[in-house]
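Here is the structure we will look at, set down as structure tokens.
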Amino acid sequence: MKRKNILAAMLVTLSLISTGCGTSDYVQSIQLTSTGSSSGGFFNLVGADGTLQLLTNTVYHSGKTVPVTTSVTYQVTTVGTQYDQVTPLPPYGPDTVPINATGLMTAKAALCTWINTAPAGQPAIWEYTGYYEVTSTYHGMVSQPVAIGVGSAADPNSASGGCGPS
């Protein structure tokens, strides 16, 4: 009788252990977002010394998200031109739009990556002429890209003198 009880207890234990196999959670992707100014999903660094807070989260298989902003590295690529559609964007760096260790991106250079396509006297219709494309990397996983325009300089073709949506 004792052997049957021991065998039954061992089978129950084995059953409980095996039901937990294959259910461990794992990082499925990395998600990069921003809490700054946005116009239709396009982010904009507004004004001299304007800032955007970049946020990176790990997204687990279970749907759980965990912030990892201070544990990522950022890659930035320039795309397009400034508002005149001729002058290239300066390369990313400490004198243009640096990103610090907490994910804060700051407009240091006077740049305008927007153009107002509205007819004279009409409300502005802002379109990108260029942007900085940012991704974050966490343990070898790369986030989706986020496009960030810069409106830290005056646009001489704008009736308000400003550059880009605010």
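Would you check which residues across the range 107-127 are touching a residue at least 60 places away in the same chain (Cβ under 8 Å) and surrounded by fewer than 17 Cβ atoms within 10 Å (Cβ to Cβ) and list them?
A110
For the range 40-82, give me the residue count where each residue is buried (at least 18 other Cβ atoms within 10 Å of the Cβ) and more than 16 Å from the chain's Cα centre (by Cα).
Of the residues in the range 40-82, 3 are buried (at least 18 other Cβ atoms within 10 Å of the Cβ) and more than 16 Å from the chain's Cα centre (by Cα).
V97 fails exactly one of the following numbered conditions: (1) free of Cβ contacts under 8 Å to residues at least 40 places away in the same chain; (2) within 24 Å of G162 (Cα to Cα); (3) buried (at least 16 other Cβ atoms within 10 Å of the Cβ). What is the number of that condition?
(1)
Tell me, which strands (runs of 3 or more DSSP E) wholly within the range 48-166 include 1 or more residues that are modelled with pLDDT of 95 or more?
In the range 48-166, 51-60, 65-67, 73-80, 104-106, 130-138 are the strands (runs of 3 or more DSSP E) which contain 1 or more residues that are modelled with pLDDT of 95 or more.
The values are calculated or read from the model by the stated rules, or taken from the named source; none is laboratory data. The shown structure was predicted, so the numbers you read here are calculated from the model rather than taken from an experiment. No Cβ is skipped: glycine too gets one built from the backbone with ideal geometry, and neighbour counts run over all protein chains shown.
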